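**Q** Let me begin by handing over the structure; questions about it come next.
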Amino acid sequence: MSFDLAEHMARSYRRRHLISLVARAGLFVAGTLALVPLFWVFGYVVFRGLPGLNLDFFVALPAPVGEPGGGMANALAGTGILAVMASLIGIPWGVLIGTFLSEYGKGRLAGLVRMSVDLLASVPSIVIGLFVYSVVVLPMKRFSALAGAVALGILMVPTVARTTEELLKLIPPNVREAGLALGIPRWKVILGIVLKGSIGPISTGVVLSLARVAGETAPLLFTAFGNQFWHRGLDQPIASLPVQIYTFAISPYEDWHRQAWAGAFVLVAAVLVLNVLTR
């Protein structure tokens, strides 16, 4: 009887060990397949874009139509300006919403706000661009950097809000209770203790939101529009790297195609760096 039991246990162990090996092999294959598109796309962009990089690409304006040379200095500067302006709009808005959901996230109002944030995160960016076109561009009667920043700022809100909410929920309740026990008003506890102690983790959500909007093209086509020159004011059209890449990519000129691939490489590299920083 004991021999049969030992043999049965040995067969059971071998079967479980085999199933474990098959499961681990399947997970390894699935993980590898998930990485293949990433490295394929990134490798192809590096292959096509790296040869197009030179000093003029970073310091020169685009050359006139049909002429070789030039660069995307105005688009690089415009993307930086739009990112800063969008951050000034989206980050405070998102942090306030996330704080409200974390600290007062009970009741119908909080549920409605949470559902609205989730819905906003699922809205296509081109719809946001059309919305801003209607409420900002048409009343101003012109495309502008301000309109582009508003569109990108709205796109940043869901990521910042949900990240802030989840991170503030990780703060132990006794931290808040300790502040309240000392007689500190709740709003001061939230600002001076909860939020102040979570600045580092919240910055992760901010960087992720910046990485998302850095490559947006559709909303900028309806708002910032773009130009071939340096930025001249917040109420004027402004160049951006994604729109410049799109414009050059659909042109019939080979040199513009080369610069489009170079711009794509710079954009992908910037997004990769931002995502690495969040880790």
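**Q** Quick one: ranking 106, 169, 196 by accessible area, 1.4 Å probe, largest first, what do you get?
**A** From most accessible down to least: 106, 196, 169.
**Q** Taking all protein chains in place and a 1.4 Å probe, what share, in percent, of the accessible surface of the stretch 117-219 do carbon and sulfur account for?
**A** 71 percent
**Q** Roughly speaking, what is the centre-to-centre gap between the stretch 183-248 and the stretch 70-110 when only Cα atoms are used, to the nearest Å?
**A** Result: 5 Å between the Cα centres.
**Q** So, taking all protein chains as they sit and a 1.4 Å probe, how much accessible area belongs to residue 261, in Å² rounded to tens?
**A** 70 Å²
**Q** I've got another one for you. Name the helices (complete DSSP H segments) of the chain with a Cα length along the long axis of 27 Å or more and a Kyte-Doolittle mean of at least -1.0, or state none.
**A** Result, helices passing both filters: 2-49, 73-103, 145-169, 254-278.
**Q** Given the whole protein assembly as supplied and a 1.4 Å probe, what does the accessible area of residue 136 come to in Å², nearest 10?
**A** It works out to around 30 Å².
**Q** Determine the order of 119, 96, 221 by accessible area, beginning with the largest, at a probe radius of 1.4 Å.
**A** Heavy-atom accessible area, descending, gives 96, 119, 221.
**Q** Divide the volume of the convex hull of the Cα atoms of the stretch 196-244 by its number of residues and quote the answer in cubic angstrom per residue.
**A** Numbers: hull volume 5.1 nm³, N = 49.
Dividing the Cα hull volume of the stretch 196-244 by its residues yields 104 Å³.
**Q** In the full protein assembly as shown, how much of residue 118 is accessible to a 1.4 Å probe, in Å² to the nearest 10?
**A** Here the residue's solvent-accessible area equals roughly 80 Å².
**Q** Given the stretch 31-83 reduced to its alpha-carbon atoms as identical point scatterers, what log10 I(q)/I(0) does the Debye formula return at q = 0.12, 0.24, 0.31 Å⁻¹?
**A** Ignoring solvent entirely, the Cα scatterers give -0.44, -0.91, -1.05.
**Q** Please work out the ratio of the alpha-carbon Rg of the stretch 29-152 to 2.2 N^0.38 Å and round it to two decimals.
**A** Cα Rg divided by the expected 2.2 N^0.38 Å: 1.50.
**Q** Mind checking the alpha-carbon convex hull of the stretch 114-241 and giving the volume per residue in Å³?
**A** Values: hull volume 17.0 nm³, N = 128.
Taking the convex hull of the Cα positions in the stretch 114-241, it is 133 Å³ per residue.
**Q** With Rg and the Kirkwood Rh both taken from Cα atoms, where does Rg over Rh land for the chain?
**A** Ratio of gyration radius to Kirkwood radius for the chain: 1.15.
The values are calculated or read from the model by the stated rules, or taken from the named source; none is laboratory data. Owing to the predicted nature of the structure, the values given are computational and were not obtained by experimental measurement. Quick note on the areas: whole protein, heavy atoms, side chains included, nothing else; ligands and nucleic acids left out. Shrake-Rupley method; radii C 1.70, N 1.55, O 1.52, S 1.80 Å.
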